[in-house]
1. Roughly speaking, what is the centre-to-centre gap between region 72-133 and region 1-31 when only Cα atoms are used, to the nearest Å?
2. If you fit an axis through the alpha-carbon atoms of helix 17-29 and take the longest principal axis of the Cα set of the chain, what angle between them do you get, 0 to 90°, nearest 10?
3. Given the options PRO105, PHE92, GLY58, identify the residue whose Cα lies farthest towards the positive end of the charge dipole of region 58-133 (+1 on Cβ of Lys, Arg; -1 on Cβ of Asp, Glu).
4. Averaging sequence separations of C-alpha pairs under 8 Å and six or more residues apart, then dividing by the length of the chain, give the relative contact order as a whole percent.
5. With the full set of protein chains in place, find how many percent of the accessible area of the chain is carbon and sulfur; take the probe as 1.4 Å.
6. Ordered by residue, what ³J(HN,Hα) values in Hz, to whole numbers, does region 87-93 give under the Karplus form 6.51 cos²θ - 1.76 cosθ + 1.60, where θ = phi - 60° and Gly and Pro are x?
7. Excluding same-chain residues fewer than 8 positions from LYS67, which aspartates and glutamates have a Cα within less than 20 Å of its Cα?
8. Considering only protein heavy atoms, what per residue accessible area in square angstrom results for the chain with a 1.4 angstrom probe?
Amino acid sequence: MPDKPSVLFVCVHNAGRSQMAAAYLTHLAGDRIEVRSAGSAPADQVNPAVVAAMAEEGIDISAETPKILTAEAVQSSDVVITMGCGDACPYFPGKRYLDWQLDDPAGQGLDAVRPIRDEIRRRVEDLIGELKG
């Protein structure tokens, strides 16, 4: 794996999961890991409850907009983490994929988003430990 691995978070419906995960990894790992967030189409705005839940952690994602998902983005990433994508994410043999089954925060209130946020943080912390190791 190169000195600076890249991680692509994919959430096709842009519900906020990939934005939360990408923001955590950027916040916790600094510039040692390249972070990307993608979906099926750019989101005009993230669920306000997702923005509020992340603000509680001191992370501002109100301006985060995922890029459109492309095969090139998947192929050029070291780790691809899918969230509720099914078969929508391109597959390349030999590439490392992780499927994070997480609840969909779209349209949910703050009380419903917090546990999703906390689970994402745990998984991101584990991933950072693994990539740094």
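The values are calculated or read from the model by the stated rules, or taken from the named source; none is laboratory data. Computed from a predicted structure; not experimentally measured. Don't worry about glycine lacking a Cβ; one is built from the backbone with ideal geometry, like all the others, and counts go over all protein chains shown. Just the protein is used for accessible areas: all its heavy atoms, side chains included, with ligands, DNA and RNA removed. Shrake-Rupley method; radii C 1.70, N 1.55, O 1.52, S 1.80 Å.
1. With region 72-133 and region 1-31 each reduced to a Cα centre, they are spaced 8 Å.
2. 70
3. PHE92
4. 31
5. 47
6. Whole-Hz 3J(HN,Hα) from phi for region 87-93: 9, 6, 8, x, 10, 10, x.
7. Straight-distance partners of LYS67: ASP31, GLU34, ASP44, ASP78, ASP87, ASP99, ASP104.
8. Accessible area per residue: 50 Å².
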